[in-house]
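Throughout, read-outs are computed from the coordinates displayed, never taken from laboratory work. Treat the numbers as computed from the prediction; the structure is a model and nothing was measured. Reconstructed Cβ throughout: ideal geometry from the backbone, glycine too, with neighbour counts over all protein chains shown.
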Amino acid sequence: MFKLTPMQRQGRKILNGAALNVLAVGGSRSGKTTLITRNILLRAAVAPNSRHLIFRSVRADLVRAIWQDTLPKVLNEDFKGLAFKKDEKNLVLRFPHNKSEIWLGFLNESGSLESVLGN
C-alpha cells in the first residue's frame with residue numbers, strides 16, 4: 001500500500017466529501033493522477049454496476065500515463081486479489097464480481113468523446 005503525502009491526504013478528504021466538482025492542483029509527478037485513480041478504483045470495486053470515466057486530452061498520453069503506468073501500479077499496490085479484466089482495444093477495465101467498469105477516454109480524435117459518452 002502506498003503512503004499518501006500530506007497533500008494527497010487533503011485531496012482524499014475532499015474527494016470523499018460532498019464536493020461535486022474538484023480541481024486537483026499540483027506540479028508534475030505530485031500524485032494527482034494516482035490519488036484520483038485510486039479513488040475511482042475503490043468506488044468501482046464497491047459500487048455494483050457502476051461506470052467510471054478517466055479522460056485525458058491525447059490518446060497516447062492516456063495509454064502511456066494511465067493505462068500502462070498508473071492503473072497497473074495502483075492495482076498491484078492497493079487492490080491485490082481484486083479480479084478484473086482489461087479490454088485493451090476499448091481501454092475498459094471490468095470487474096466481474098460486481099459488473100462495474102472503468103472506461104478511459106480521450107479527446108484528440110474525431111468521435112472519441114461521443115463514443116465513450118454513448119456508453
- [ ] Select the strands (runs of 3 or more DSSP E) contained entirely in segment 1-100, then report the ones holding at least 2 residues which are of a type outside the set (D, E, K, R).
- [x] 51-56, 92-95
Open item on the list: For segment 71-92, which positions are on the phi > 0 side of the Ramachandran plot and surrounded by fewer than 12 Cβ atoms within 10 Å (Cβ to Cβ)?
Closed with: GLY81
